[in-house]
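Colleague: Below: one structure in structure tokens.
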Amino acid sequence: MTHKFLTFARLHIMLLLLLPLAPLAEQQSNIRWTTEIWPKVAEAQGKGAYFDLLNAVYPASEFQLIHSFLPYKRGVQFVREGRIDLFSLCSSMPEFYRAKHPWAQQSIGVLFNRAVIKEWHGLTTLKNKNIAVHKELAFLPIVQGIDGNLIKADSKAKSLLLLEMQRADFFLDIYINIENEVNQLSNPTRFDYAFEALDIVICHPGFTPSPRGEKLRKLWDEGIEKLHKSGKLKEIYAQWQLEYPDYQQ
């Protein structure tokens, strides 16, 4: 009886010693990240360049990647609180740890109907015009600096609809978003659409401001440099037909 009790007691003590380590191990191996839905970059089916890049930098043998599609502002708040490890940082936000190497570089510009806007003269063409823009992009400096009437829409599809109905003169967004919306139209050649680029938006992984965030940022930059030198990085961007950022900087 005494032998059985001692054996049970030893087992119980071992389990107690292991219990505090389990959450710590899980915290170290799990990487939680968030994005909005972006064609080619972070698609609804859990595919895209961001997924491939993170899988390449943080291999499944060492990390478990847990992704959530969240509205931008909510995702930022969760990263700020440390509930999520990283998000896509596309503007200056010094409170977060920004990776040295970006993961997306895309043109931002406007789509318009040539029958309505017959000539393009750069940013001055937007003055006093109605410009439909997804509300989640309104924070970007290029958007805030436009001298026009911004119509903040709830979706990219609504922005395009406003353009089609001539309730907006321009649809302003990232090019891959505009391209995706136009391709979903039943008759995309219905209007003589034209796209003019205004600027380049470069997005970096943004990490929660903590020692853990700094560690993950370091792993990202080291991993990207290895992928760049091996040529595997170009393969990922070529697969998704995305512009290749300048990783020489």
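Colleague: At residue 77 and residue 152, where each label point lies 7 Å from the Cα along Cα→Cβ, what is the point-to-point distance in nanometres?
Modeller: In this crude spin-label approximation the distance works out to 1.5 nm.
Colleague: May I pose another question? Helix-derived [θ] at 222 nm for the chain: sum -39500 (n - 2.57) over DSSP H runs of at least 4, divide by residue count, nearest 500?
Modeller: Value at 222 nm, helices only: -11500 deg cm²/dmol.
Colleague: Follow-up. Starting from the 7 Å offset along Cα-to-Cβ, what nm value, one decimal, do you get for the label separation of residue 67 and residue 212?
Modeller: About 2.1 nm, to one decimal.
Colleague: Hey, another quick one. What is the sum of charges around residue 97, taking Lys and Arg as +1, Asp and Glu as -1, for the other residues whose C-beta is under 12 Å from the C-beta of residue 97?
Modeller: +3
Colleague: Within the set of other residues whose C-beta is less than 11 Å from the C-beta of residue 177, count the net charge using Lys and Arg as +1 and Asp and Glu as -1.
Modeller: Net local charge, residue 177 excluded: -3.
Colleague: Still on this structure: Enumerate the calculated ³J(HN,Hα) couplings along the stretch 181-195 in order (Karplus 6.51 cos²θ - 1.76 cosθ + 1.60, θ = phi - 60°), each rounded to whole Hz, writing x wherever the residue is Gly or Pro.
Modeller: Using θ = phi - 60°, the values come out as 5, 5, 5, 8, 5, 5, 9, x, 8, 4, 10, 8, 6, 9, 10 Hz.
Colleague: Can I ask one more? Mind jotting down the distance between the C-alpha centroids of the stretch 43-104 and the stretch 210-249, whole Å?
Modeller: Each part's Cα centre sits 13 Å from the other's.
Colleague: Something else now. Taking θ as phi - 60°, what are the ³J(HN,Hα) couplings along the stretch 217-231 by the Karplus curve (6.51, -1.76, 1.60), each to the nearest whole Hz, with x for Gly and Pro?
Modeller: 5, 4, 5, 4, 5, 5, x, 5, 4, 5, 5, 5, 5, 7, x
Colleague: Which ordering of 90, 203 is given by a fewest-first count of other beta-carbon atoms within 10 Å?
Modeller: Arranged by neighbour count, lowest to highest, 90, 203 become 90, 203.
Colleague: Provide the net charge surrounding residue 243, with neighbours chosen by a C-beta distance below 15 Å and charges set as Lys +1, Arg +1, Asp -1, Glu -1.
Modeller: With Lys, Arg at +1 and Asp, Glu at -1, the net is -2.
Colleague: Further, regarding this structure: Straight-line reach from residue 234: which lysines have Cα under 26 Å away, leaving out those fewer than 8 places along the same chain?
Modeller: Straight-distance partners of residue 234: 40, 47, 100, 215, 218, 226.
Colleague: Just rank 233, 227, 65, fewest to most, by other beta-carbon atoms within 10 angstrom.
Modeller: Fewest to most other Cβ atoms nearby, the residues stand as 65, 227, 233.
Colleague: Need one word for the stretch 155-249: rounded, prolate or oblate. Basis is the Cα gyration tensor (sqrt eigenvalues a ≥ b ≥ c); a/c below 1.5 gives rounded, then a/b vs b/c decides.
Modeller: Prolate.
Colleague: Further question: How large is log10 I(q)/I(0) at q = 0.11, 0.15 Å⁻¹ when the Debye formula is applied to the Cα atoms of the chain, each weighted equally and without solvent?
Modeller: Listed by q, the Debye log ratios stand at -0.67, -1.07.
Colleague: Exactly which chymotrypsin sites (Phe, Trp or Tyr not before Pro) in the stretch 110-181 are in a DSSP loop and have at most 14 other Cβ atoms within 10 Å?
Modeller: Filter output for the stretch 110-181: 120, 139.
Colleague: Might you report the magnitude of the Cβ-based charge dipole of the stretch 105-201 about its Cα centre, with Lys and Arg at +1 and Asp and Glu at -1, to the nearest 20 debye?
Modeller: That gives a dipole near 260 debye.
Values in this text are rule-based calculations from the coordinates and carry no lab data. Predicted model, so just to flag it, every value in this text is computed and none were measured. With ideal geometry, Cβ positions are generated from the backbone for all residues, glycine too; neighbour counts draw on all protein chains shown.
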